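Before any comments, here is the structure.
The values are calculated or read from the model by the stated rules, or taken from the named source; none is laboratory data. Values in this document were obtained by computation on a predicted structure and should not be read as measured data. Ideal geometry is used to build each Cβ from the backbone, glycine not excepted, and the neighbour counts take in all protein chains shown.
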Amino acid sequence: MADEKFIQFVANYEDWVSVKKLKVEPGMEPRTVMEFLASLGTGIDKKVEENLRKCVALDKLDAALKEEIKPGKTEADLAGVLAAVNGRKVSAVINEITELPKLQKNERGELFDFCKVYALRKAFKECKLMIDYSSIEIPGMKRVMKSKV
């Protein structure tokens, strides 16, 4: 039993109940472990965004991104997306939505960074770029991926 290797994830939080276990056995394909970990990451990323939305008015950031982001795949398009996410308007909106009186300065900074990552992920997804493992079509994860749409 002590030599047994496994990965285990258990979540019992509000409307999220998830139990995922993988027993890692000798000779197991590394791809199996990758797919398992990618499925965990997908669920966790979704919950991070849901909880961020509970903390700040992400709808304001979504609206600013919609105005500022011009999706595309060329280098110039992507440079424009990066410029927009790091630009004055998006940063001003992030500052506005993270300026919560109950938070200390370092807590605001943390929320600002979460919002900046959210903005970058959302902008790149608008450009149809695969920015994380959730974009990969894994046969066993099709049900999970469809629920995100």
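Which of the following residues is touching a helix residue (DSSP H, G or I) at 6+ places or on another chain (Cβ under 6 Å) and either modelled with pLDDT of 95 or more or more than 19 Å from Lys122 (Cα to Cα) (or both): Leu100, Leu52, Leu37, Leu58? When all the criteria are applied, what remains is Leu52.
Inspect the range 48-61 for any residue being charged (D, E, K, R), in contact with a Gly (Cβ under 8 Å, 6 or more places away or on another chain) and exposed (fewer than 15 other Cβ atoms within 10 Å of the Cβ) and give the result as yes or no. The answer is no, given that none of the residues of the range 48-61 is charged (D, E, K, R), in contact with a Gly (Cβ under 8 Å, 6 or more places away or on another chain) and exposed (fewer than 15 other Cβ atoms within 10 Å of the Cβ). A single entry from Glu75, Glu67 fulfils the requirement of being among the acidic types (Asp, Glu), exposed (fewer than 13 other Cβ atoms within 10 Å of the Cβ) and out of contact with any helix residue (DSSP H, G or I) (no Cβ under 8 Å at 6 or more places or on another chain): Glu75.
Just one of the numbered conditions (1) within 19 Å of Ser134 (Cα to Cα); (2) in contact (Cβ under 8 Å) with a residue 40 or more places away in the chain is not true of Val56: (1).
Residues are listed down the side, and each one gets a yes or a no for (1) under 25 Å from Thr98 (Cβ atoms); (2) of a type outside the set (A, V, I, L, M):
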{"residue": "Val17", "(1), (2)": "no, no"}
{"residue": "Pro26", "(1), (2)": "no, yes"}
{"residue": "Val33", "(1), (2)": "no, no"}
{"residue": "Asp59", "(1), (2)": "yes, yes"}
{"residue": "Glu68", "(1), (2)": "yes, yes"}
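Once the range 98-128 is narrowed to residues that are under 17 Å from Glu68 (Cβ atoms) and aliphatic (A, V, I, L, M), the residue that is nearest to the chain's Cα centre (by Cα) is Val117.
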